[in-house]
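The values are calculated or read from the model by the stated rules, or taken from the named source; none is laboratory data. Predicted, not measured: the structure shown is a model, and the values here were computed from it. Neighbour counts are summed over all protein chains in view; Cβ atoms, including those assigned to glycine, are modelled from backbone coordinates with ideal geometry.
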Amino acid sequence: MSSPMDDVTVIEVTSYVAAPSAGAILADLGANVIRIEPLAGDPWRNQGRRPKLDDPMKGFDFQFTVSNRGKRSVAVDLTTEAGAALVQGLVAKAQVFMCNLLVHRQERFGLDPASLHAINPTLVHATLTGYGTTGPEAWRPGYDVTAFFARSGLTDASREGVEGVAPLPRPAQGDHTTGLAFFGAIMAALRHAERSGEGQVVETSLYEAAVWTQACDFSITAMDGAPVNPRPREQAVIATNNRFRCGDGKWLVITMPNPSSWPKLCQVLGKDEWADDERFIDLRSRFRNMAEIVAGIDEVLATRSRDEWGEIFDAERIIWGPVMGLDEVASDAQAEALGLFPEIEGTEVGTIRSVRAPMRIHDTDVGPRGPAPDLGEHTAEVLAEFGLDEDLDRLSSEGIVGLG
C-alpha cells in the first residue's frame, strides 16, 4: 500500500507532547520525521507512569513512544552557533519545520520564519505554543493543564456544581487534541506550498484549540458575557440527557436531547405513568422536578446491571453509552474492530501495543512505522544523509552533537 507522505521530510524541534503528537501522525503517514533533541534529551523522556508489568517492560517508556514512534532522533545543542547551523542545514532540505519554541527562542537560534524562509523559501514553518505568538501573553510557557484546561475555561466548566472542586485532567488530553489541529494546519499549508511554490507559516496553541473544543458554549458566552453554569445531574436541563448508576455500581449516559423522547424513555423503564404525571408533563415541569426524576431513574436502573440495561436500550433504540474504565476500553471489541491499539515491533522489550491516530485512509498504509528513537540514535546517520557530517568527530567531542 502507498504512504501519502513518504516524500516529505519534517524537521521537528519540540518537547513534551502536543507538537510531537502531530509529528507522530506525520510519521504514521510515511513522512521522514527527524526529531531534534537537546543533548540531555526531551524532558518528557521517562516521565510517564510505570505500568504494572513484570520486568523488563515495567521500565519501558510507553508514553514517550506514543508521540514519537517512527521518528529519528538527532541530538544537538541548539545553544551553540554550530548546533543551530546544523539544524538550519537540515531545514534547507526539508518541506516542514515544526517546533514549540517561543518566539524569542526561535529568533535566538535562527529558527524563526524569516530566517528559515531565507534558507528555504518553500518551507512550511509550523509553531505550536501555549498561548499563541502574539498578544500580551505570547511569552508565557504553558502545559495543557494550564493553557488548554484551566485558562480556557474548560476546567471551570467541568466542575460538579458551581462550588465543586476543579477537576484535574488526565495526562496530555489537551496536548493530543491540539496536536490534531496542528497536524491539520500543516497538511493545509503543505497543499498551499505545493500549489503555489510559496512557503507558509502555521500557528496554533493549546489555548486556541481549547476554546474551539468549547465552541458551542462560547458561541453564547461570547455574546452575553455570562459564565457557564456547571450543573450537577439533579439540575440537568433535559431529563433524557443525563448519567445514571446501575445495579452493579457502573454508570451509563443517556443522550436523547429532543424533549419529545421523554415518553419513550418512560415506557422503556416500565414507568409509563411518568409521561402523564403533572410533575413531569412538560420540559419546564421536568426541569423544576429534576431531582425527583434522577432519583426515580436511579431506582429503576438499580434493578439491573449496566450491560443488561444496555441490551434493553439497544433493543428499544435508546441512545446511550457505558461509562467505561480505561481498562475496559483497552479490551473493547469495538476498539479491536477499529484497530485502535496497533502493535509496534522492534522495541527494546519486544512488541508493544500503542494507540492509533483517529483516522483511517482506505488502501493507504497508515500506522506506526516503528518505535520511538533512543536519544541521538540517528545523529550520525541523518547528518551523513544531509551531507553535514564532515566534522562529526569534532562536533561530538566539543559537545555540539550527541551520537546516542
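Just a few scattered comments:
- In this entry, Leu26 is excluded by the filter for residues that are crowded, with 20+ Cβ neighbours inside 10 Å, over 17 Å from the mean Cα position of the chain (by Cα) and either assigned by TED's automatic domain parsing to the domain that holds Gly199 or not hydroxyl-bearing (Ser, Thr, Tyr) (or both).
- Looking across Glu198, Glu203, Glu194, one residue alone is out of contact with any Gly (no Cβ under 8 Å at 6 or more places or on another chain), among the charged types (D, E, K, R), not assigned by TED's automatic domain parsing to the domain that holds Leu252 and not in a helix (DSSP H, G or I). It is Glu198.
- 3 or more residues touching a Ser or Thr at 6+ places or on another chain (Cβ under 8 Å), over 16 Å from Val201 (Cα atoms) and aliphatic (A, V, I, L, M): qualifying strands (runs of 3 or more DSSP E) within region 49-154: 72-76
- Listing of strands (runs of 3 or more DSSP E) fully contained in region 295-381 that carry 1 or more residues being closer than 30 Å to Gly249 by Cβ and in contact (Cβ under 8 Å) with a residue 40 or more places away in the chain: 320-322
- Note on region 127-164: among residues that are of a type in the set (A, V, I, L, M) and under 17 Å from the mean Cα position of the chain (by Cα), the one that is surrounded by the most Cβ atoms within 10 Å (Cβ to Cβ) is Leu128.
- Yes/no for Val294 being surrounded by 14 or more Cβ atoms within 10 Å (Cβ to Cβ), under 26 Å from Leu269 (Cβ atoms) and either of a type outside the set (S, T, N, Q) or more than 20 Å from the chain's Cα centre (by Cα) (or both): yes
Here's the yes/no breakdown for (1) within 21 Å of Val349 (Cα to Cα); (2) modelled with pLDDT of 90 or more; (3) touching a helix residue (DSSP H, G or I) at 6+ places or on another chain (Cβ under 8 Å):
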position: Met1; (1), (2), (3): no, no, no
position: Val8; (1), (2), (3): no, yes, yes
position: Glu12; (1), (2), (3): no, yes, yes
position: Pro20; (1), (2), (3): no, yes, yes
position: Arg49; (1), (2), (3): yes, no, yes
position: Arg72; (1), (2), (3): yes, yes, yes
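- Positions within region 15-48 being closer than 18 Å to Gly174 by Cβ and assigned to a helix (DSSP H, G or I), in sequence order: Ala18, Ala19, Pro20, Ser21, Ala22, Gly23, Ala24, Ile25
- Hits in region 29-45 - residues which are surrounded by fewer than 22 Cβ atoms within 10 Å (Cβ to Cβ) and touching a helix residue (DSSP H, G or I) at 6+ places or on another chain (Cβ under 7 Å): Trp44, Arg45
- Some residue of region 130-151 being within 25 Å of Gly89 (Cα to Cα), touching a helix residue (DSSP H, G or I) at 6+ places or on another chain (Cβ under 6 Å) and of a type in the set (D, E, K, R): no
- When residues of region 1-23 are limited to those that are within 14 Å of Ser73 (Cα to Cα) and among the small types (Gly, Ala, Ser), the one surrounded by the most Cβ atoms within 10 Å (Cβ to Cβ): Gly23
- Here Gly367 passes the criteria (1) surrounded by 13 or more Cβ atoms within 10 Å (Cβ to Cβ); (2) closer than 30 Å to Glu234 by Cα; (3) touching an Asp or Glu at 6+ places or on another chain (Cβ under 9 Å) except the one numbered (2).
- Entry remark, region 33-58: residues being farther than 13 Å from Val74 by Cα and either among the aromatic types (Phe, Trp, Tyr) or more than 21 Å from the chain's Cα centre (by Cα) (or both) number 8 in total.
- Listed conditions (1) in a helix (DSSP H, G or I); (2) of a type outside the set (A, V, I, L, M, F, W, C); (3) at pLDDT below 95 are all met by Pro257, apart from (1).
- Among the candidates Glu336, Glu308, Glu299, Glu316, the residue that is among the charged types (D, E, K, R) and closer than 30 Å to Pro20 by Cβ is uniquely Glu336.
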